[in-house]
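The values are calculated or read from the model by the stated rules, or taken from the named source; none is laboratory data. Only a predicted model underlies this, so the values are computations on that prediction, with no experimental measurement involved. In this analysis, Cβ positions are derived from the backbone assuming ideal geometry, glycine residues included, and neighbour counts consider all displayed protein chains. Heads up: the accessible areas ignore ligands, DNA and RNA and are worked out on the full protein's heavy atoms, side chains in. Shrake-Rupley method; radii C 1.70, N 1.55, O 1.52, S 1.80 Å.
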Amino acid sequence: MAAADDAVAQGLAEAKVYAFASVDYPGAAESLVFDSDGTTAVGAFAFDPGSNSPLTAFTFIGGIYQILTVPSSTLSIATGINATALIVGAYEDLGGVLRGFANNGGTFSNVDFPGANGTQAIGVNDAGQIVGLYVDAANNEHGFVSSGGTFTAIDFPGATTTAAAGINAAGDVVGVWSDATGSHGFLRQAGVFTAINFPLATGTSAFGINDTGEIGGFYSDAAGTNHGFIYADGAFSTVDVAGARGTQLTRIKNGGQVTGVYTDALNEAHGLTGQ
């Protein structure tokens, strides 16, 4: 970015530095990390994305990688984990339908918005409330929150699409909505929506929120490069992995730990954790 387009250079945001570690499933050409409970990271990998190798969900704990085998799936991705090790995500079933899932101690259950053409579970809080997106009969995307199996649709006012991605203990929800101008982040707190747009960005995605209200996500600059961000106490900070072509944060946890994805000089994706 030129200084004229750089929110940090203009004093509209700060730069925040983390100590990062890569999380790469052995032998995979692409690894993605979406969440961690402090001991277990969850995500997905592909051995050869260029040959349409499907994404497969995995867990990473104590230096050991394990495939999270979702029953009757042709592809899968794990996107959220809470303090009780409840894992949520999405998979494509044998009929090609996209469905959400929850894995509680090895027992899988489906997370399907009633009447939807497809559902993705994306985030979960420590109370077990799940957020995500569903596709209606007209193929429009809407966000949702599920509390004890009761689903509520979430739509940012005036949006063409909405996806809910993260939820904290208070029930505050963050996500992404789009309109004719592009993509934007949002916070839904006590039923009230607030748009979240990183300064000078061409697109913003809010993905995770912790119990103190800190929000993590990513944005695109004028050159189309992705950068991670943290939004806390009304101020933005940009977060980049040193030397990476792009950085995306997916969660910020109560202790300040972050997870996400970065792209290297060869344009290969790697999972990350940071503190």
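With just the Cα atoms of segment 90-215, tell me how far they stretch along each of the three principal axes, in Å, largest first.
Principal-axis extents of the Cα atoms in segment 90-215, largest first: 43, 34, 21 Å.
Over segment 118-198, what is the mean sequence separation of C-alpha contacts under 8 Å (at least six apart), divided by residue count, expressed as relative contact order in percent?
Rounded, it is 21 percent for segment 118-198.
Restricting to Cα atoms and excluding each atom paired with itself, what does the Kirkwood estimate give for the chain in Å?
Hydrodynamic radius (Kirkwood, Cα pairs) of the chain is 18.6 Å.
Please sort by residue number the chymotrypsin sites (Phe, Trp or Tyr not before Pro) in segment 183-213 whose DSSP state is loop and whose Cβ has at most 16 other Cβ atoms within 10 Å.
Loop-located and lightly packed - none at all.
May I ask you to evaluate 6.51 cos²θ - 1.76 cosθ + 1.60, the Karplus curve with θ = phi - 60°, for each residue of segment 59-73 and list the ³J(HN,Hα) values in order in whole Hz, giving x for glycine and proline?
10, 9, 9, x, x, 10, 9, 9, 6, 9, 7, 8, x, 6, 10
For Cα pairs less than 8 Å apart in space and 6+ apart in sequence, what is the mean separation divided by the residue count of the chain, i.e. the relative contact order in percent?
This gives 15 percent for the chain.
To the nearest 0.05, what FRET efficiency results for residue 19 and residue 190 with a Förster distance of 30 Å applied to their C-beta separation?
0.25
Quick one, what does Rg over Rh come out to for segment 156-212 if you take C-alpha atoms and the Kirkwood Rh?
Here the Rg-to-Rh quotient is 0.96.
So, with a 1.4 angstrom probe, what is the percent of accessible area on segment 1-129 that is carbon and sulfur?
53
Size of the dipole of the chain about the Cα centre, Lys and Arg at +1 and Asp and Glu at -1 on the beta carbon, nothing else charged, in debye to 20?
300
For the chain, what is the accessible area per residue in Å² when the probe is 1.4 Å?
Here the per-residue accessible area is 43 Å².
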